[in-house]
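Q: Here's a structure for you.
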Amino acid sequence: MKKSQKKEDIINTAEKLFYHHGFHAIGVKKILEQAEVATMTMYYHFKSKEDLIKEILIQREKHYFQLLEANIDRENGINQYVESLIKAHLDWIDTDGYNGCLFLRAKQEYEGVNEEIASLSREHKKRLLNKIENDLNLFNGSESLSVQVSIIIEGLTSMVQILELDKVKDTAIYLAKSIQVSE
């Protein structure tokens, strides 16, 4: 197995463990056992658990924004854009985000403990809001609309933890249609 594959094994294993159990509940030993790699391999690729967490958050954000870009519709107007964005986020939840937001979890666990990790989490949310605002500017959408859409997206992430995904999907699409402005 190549070192780059071992690095990916560490990242993927740690992300799953952190996502399901939280960051502080999982130690390096558990990650190494699950990834089946040696301690020296971990520290060859990452200086610390916190560096591993930062890498996970950076890669997760990249993956999330790639999914959005691949699925949002900017060609058919503002209403279709908002609906496609929400559907793309729902697809993310369905495959990669069923246990809440890893960024918010990182912010909660590391606020006041590790500013780099907490900052990465805050900056992710700001980048998402800015992305939505910039996209909506293509349609002369308002800043208020970008905040409303962001609130729907964040609410979806939270509500899917306590309600069935299909119910959340239906409600999200209804809300999106109710806030949209005429073109």
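Just so it is clear, none of the values below were taken in a lab; they were calculated from the coordinates. This structure is a prediction, so every number in the text was calculated from the model and none was measured. Heads up, the Cβs are rebuilt from the backbone with ideal geometry, glycines too, and the neighbour counts pull from every protein chain shown.
Q: Using unit Cβ charges (K, R positive; D, E negative) and no other charged atoms, how large, in debye to the nearest 20, is the dipole of region 49-179 about its Cα centre?
A: With only Lys, Arg, Asp and Glu charged at Cβ, the dipole is about 140 debye.
Q: What residue among Glu83, Glu154, Glu36 has the largest mean-square fluctuation in a Gaussian network model of the chain, using Cα springs under 10 Å?
A: Per the Cα network of the chain with a 10 Å cutoff, Glu36 tops the list.
Q: Test of understanding: in a Gaussian network model of the chain with alpha carbons linked when under 10 Å, which of Ser146, Ser48, Ser121 would top the mean-square fluctuation ranking?
A: Ser48
Q: So what are the ³J(HN,Hα) numbers for region 150-157, from phi and the Karplus equation (6.51, -1.76, 1.60; θ = phi - 60°), rounded to whole Hz, Gly and Pro as x?
A: Result, ordered by residue: 4, 5, 4, 4, 5, x, 4, 4 Hz.
Q: What are the ³J(HN,Hα) couplings of region 162-167, residue after residue, when phi is run through the Karplus curve with 6.51, -1.76, 1.60 and θ = phi - 60°? Round to Hz, x for glycine and proline.
A: Residue by residue, region 162-167 yields 10, 10, 5, 4, 4, 5 Hz.
Q: How long are the semi-axes of the equivalent ellipsoid of the chain, taking √(5λ) for every eigenvalue λ of the Cα gyration tensor, in whole Å from largest down?
A: 34, 16, 15
Q: Now for a different question. How would you classify region 45-106 from its alpha-carbon gyration tensor, with a ≥ b ≥ c the square roots of the eigenvalues: rounded for a/c under 1.5, else prolate if a/b is greater than b/c, otherwise oblate?
A: Because a/c hits 1.5 or more and a/b exceeds b/c, region 45-106 counts as prolate.
Q: Another question about this same structure. Give me a comma-separated list of calculated 3J(HN,Hα) values for region 62-67, in order, Karplus coefficients 6.51, -1.76, 1.60 applied at θ = phi - 60°, integers in Hz, x for any Gly or Pro.
A: Going residue by residue, I get 4, 4, 5, 5, 5, 4 Hz, with x marking Gly and Pro.
Q: Separate question: How far, in degrees from 0 to 90, does helix 3-21 lean away from the longest principal axis of the Cα atoms of the chain, to the nearest 10?
A: On a 0 to 90 degree scale, this one is about 70.
Q: Follow-up. Any idea which of Gln148, Leu57, Tyr98 is furthest toward the positive side of the dipole for the chain, if Lys and Arg beta-carbons carry +1 and Asp and Glu beta-carbons -1?
A: Selected residue: Leu57.
Q: Which one, His89, Phe23, Leu163, is farthest towards the positive end of the dipole of the chain when Lys and Arg carry +1 and Asp and Glu -1 on their Cβ?
A: Phe23
Q: While we're looking at this one, here's another question. What does the net charge come to around Asn114 if you take all other residues with beta carbon closer than 11 Å to its beta carbon, with K and R at +1 and D and E at -1?
A: Here the count lands on -3.
Q: Nearest 0.05, what FRET efficiency do Ser158 and Tyr44 give at R0 = 30 Å with Cβ-Cβ as r?
A: Given R0 = 30 Å and the Cβ-Cβ separation, E is 0.20.
Q: Mind giving me the FRET efficiency for Thr171 and Ser142? R0 is 22 Å, r the Cβ-Cβ distance, nearest 0.05 is fine.
A: 0.45
Q: Given the options Glu15, Glu115, Glu133, which has the most mean-square fluctuation in a GNM of the chain, springs set between C-alpha atoms less than 10 angstrom apart?
A: Glu115
Q: Modelling each spin label as a point 7 Å along the Cα-to-Cβ direction, I'd like the Val28/Lys62 distance in nm, to one decimal.
A: Computed distance between label sites Val28 and Lys62 equals 2.3 nm.
Q: Give the dimensionless ratio obtained when the Cα radius of gyration of region 1-46 is divided by 2.2 N^0.38 Å.
A: 1.05
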